[in-house]
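Report on the following structure.
Values quoted throughout were computed directly from the atomic coordinates according to the rules given, and no laboratory measurement underlies them. What you see is a predicted model; the values in this text were computed from it and never measured. No Cβ is skipped: glycine too gets one built from the backbone with ideal geometry, and neighbour counts run over all protein chains shown.
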Amino acid sequence: MEAERRSEITLDTSQCVHCGLCLASCPTYQVSGIESESPRGRIFLLERIQDDPTLLNDNAMRALDDCLDCRACEEVCPAHVATGHLVESWRAQAAPLLLERGPQAMKQFRRMTRPMRLLLGSPLGLKFLQWLARLTRHPYFGGWLTRLPFVPPAASNLACGLPAHIPHRLSRSYPPHPRPGCTARVMLFSGCIMDAIYAETNCHTQDLLELGGLEVVVPAEQRCCGALHMHGGAPEQARRWAIANIEAFERSGAATVVVNAAGCGSMLKEYSSLFSGDPVWEPRARQFETAVEDATVVLASLKLPEIEKGATTVTLQDPCHLSHAQGIRREPRQMLTRAGYQIVEMKESDRCCGSAGIYNLTHPQMAQELLRRKIEDIPDRVEWLGAANPGCLMHIQSGLCDRPKAPETAHPIDLAWEAYRKAGLIGGVS
């Protein structure tokens with residue numbers, strides 16, 4: 001089903017019939033009400049710029065740069081126009097111009113590209129990022145750290161959304177605990193933010209996969225998926241990391257790549273677009289894509305032990321790149337229901353929360369408005385809010401940290417793991 005949806009999308013702007021069905025699904029249009037801030041308006045701008053590049057003025061660049069790339073419009077478009085992909089392609093082509101005279105947000109992102117590459121590009125960089133995150137949680141050093149020149153002003157708001165406990169080692173160093181009679185081998189994609197900041201979630205994912213009878217391998221040579229750089233118009237870095245990840249998978253002997261971060265999963269499933277026309281890497285990337293599965297889909301299919309339903313209530317934020325880009329909504333709910341939780345549905349659970357990679361750092365005003373709307377939609381008296389993406393978790397938690405009686409936030413896999421731990425089926429993290 002996902003492969004069919006991806007094969008239908010088109011990068012041809014002429015396929016847009018300007019019907020306006022996308023308007024109601026676009027978060028930026030919902031906030032601004034401005035046509036140029038809608039998918040239809042952005043397609044119109046791209047068409048005009050293609051015909052006459054001199055029309056690319058500051059307002060046009062700002063409207064295109066404001067796109068969240070949430071893919072909500074792509075899901076409802078009757079012509080299957082891939083607006084998010086088109087904006088990504090434009091950002092990559094226009095990167096030099098944007099850096100010179102583009103919106104401040106895009107300039108800021110391009111300036112951040114180099115430190116992001118250093119922090120996210122290797123285990124050593126991730127260890128340093130992990131240390132910085134722990135330092136940010138310090139009552140004194142945290143405030144000083146968020147005021148460094150290269151750190152965006154909005155980072156101080158986001159810092160309070162960091163997990164209370166950040167481990168001292170990367171998740172890729174967590175030893176496997178294979179059980180007798182493993183049915184298949186899978187590769188756990190550790191990612192970058194998940195590997196460092198949410199390392200425990202990766203460990204919990206590994207535990208649950210092993211509980212389900214799978215052998216899990218976590219190659220040390222894998223790298224960041226490249227999504228942040230791709231969304232920001234730097235595909236050359238994304239290609240380098242993609243090659244490393246494809247090679248790691250090929251050497252792993254695994255049949256499946258399991259990923260628990262929505263943004264990473266969406267990116268991994270589109271690796272072939274990075275190598276279009278390359279006779280060597282495009283077919284290898286396509287083979288890799290077919291192996292990628294979201295962790296909640298895998299765990300739902302494993303039919304883990306069913307726990308008697310308790311009183312704990314959970315509401316779910318459906319991350320954009322899980323719901324819109326991959327069409328996955330049912331499986332996280334199936335997994336949590338089997339683990340004994342009561343699901344309380346959130347209004348418009350698949351509307352973007354405003355995180356969108358590092359959009360909350362580069363576009364804080366729009367991101368905060370979307371966050372305010374998201375928090376207003378959280379059902380009353382729920383105990384937990386689950387979101388299967390690190391950016392969503394951090395962003396939403398940053399908006400809840402000063403609110404009394406607010407629900408706690410967690411990855412759905414962490415919630416499932418805790419239920420099985422209490423049932424005595426899984427041990428603690430070593």
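Choose one answer from Cys26, Cys160, Cys182: the residue with the largest mean-square fluctuation in a GNM of the chain with alpha-carbon springs under 10 Å.
Cys182
Do the sum for the chain: with -39,500 (n - 2.57) for every DSSP H run of n ≥ 4, divided by all residues, what is the mean residue ellipticity at 222 nm, to the nearest 500 deg cm²/dmol?
Working: 24 runs with 216 residues, N = 430.
Estimated from H runs of four or more residues: -14000 deg cm²/dmol.
Looking at segment 337-430, which trypsin sites (Lys or Arg not before Pro) are in a loop (DSSP not H, G, I, E or B) and have at most 12 other Cβ atoms within 10 Å? Working shown, then result.
On the way: sites: Arg338, Lys347, Arg351, Arg372, Arg373, Lys374, Arg381, Lys405, Arg421, Lys422; in loops: Lys347, Arg351, Arg381, Lys405.
For trypsin sites (Lys or Arg not before Pro) across segment 337-430 that sit outside H, G, I, E and B with at most 12 neighbouring Cβ atoms in 10 Å, the list reads Lys347, Arg381, Lys405.
Most fluctuating residue of Ser252, Ser301, Ser266 in a GNM of the chain with Cα springs under 10 Å: which is it?
Maximum among the listed residues: Ser301.
Quick check on the chain: what are the equivalent-ellipsoid semi-axes from the Cα gyration tensor, as sqrt(5λ), descending, whole Å?
Details: eigenvalues 212, 119, 102 Å².
Each semi-axis is the square root of five times an eigenvalue, giving 33, 24, 23 Å.
As an exercise, identify the GluC sites (Glu not before Pro) in segment 346-430 lying in DSSP coil whose Cβ has no more than 16 other Cβ atoms within 10 Å. Numbers along the way, then the final one.
On the way: sites: Glu348, Glu369, Glu376, Glu383, Glu408, Glu418; in loops: Glu348, Glu383.
Answer in residue order: Glu348, Glu383.
Report P(r) for segment 220-304: all Cα-Cα distances, bin width 10 Å, range 0 to the bin holding the largest distance, values in whole percent.
Calculated over all Cα pairs of segment 220-304, the distribution is 18, 52, 25, 5, 0 percent.
Based on Cβ point charges of +1 for Lys and Arg and -1 for Asp and Glu, what charge dipole magnitude is obtained for the chain about its Cα centre, in debye rounded to the nearest 20? It would help to have the intermediate numbers written out before the result.
Details: 45 positive and 48 negative charges, 248 e Å.
Once rounded to the nearest 20, the dipole reads 1180 debye.
Top mean-square fluctuation among Val17, Val292, Val87, Gaussian network model of the chain, C-alpha springs under 10 Å?
Per the Cα network of the chain with a 10 Å cutoff, Val17 tops the list.
Helices from the chain with mean Kyte-Doolittle at least 1.0 and a Cα length along the axis of 20 Å or more, per DSSP H: which?
Details: long enough: 104-120 (23 Å, -0.56); 235-252 (25 Å, -0.85).
Correct list, ordered by number: empty.
Taking chymotrypsin sites (Phe, Trp or Tyr not before Pro) as candidate sites, keep only those in a DSSP loop with at most 11 other Cβ atoms within 10 Å, then name the longest stretch of the chain containing none of them. Display every interim value, and only then the final one.
Values: sites that count: Tyr140, Phe150.
In short, 151-430.
Anything over 29 Å Cα to Cα? Flag those among Lys127/Lys422; Lys269/Lys405; Lys309/Lys347; Lys309/Lys374; Lys303/Lys374, in the order listed. Intermediate results must be reported in sequence, preceding the final value.
Numbers: Lys127/Lys422 31 Å; Lys269/Lys405 38 Å; Lys309/Lys347 23 Å; Lys309/Lys374 27 Å; Lys303/Lys374 32 Å.
With Cα atoms farther than 29 Å apart: Lys127/Lys422; Lys269/Lys405; Lys303/Lys374.
If one computes the Cα centroid of segment 194-256 and of segment 311-341, what distance in Å separates the two points?
Segment 194-256 and segment 311-341 have Cα centres spaced 21 Å from each other.
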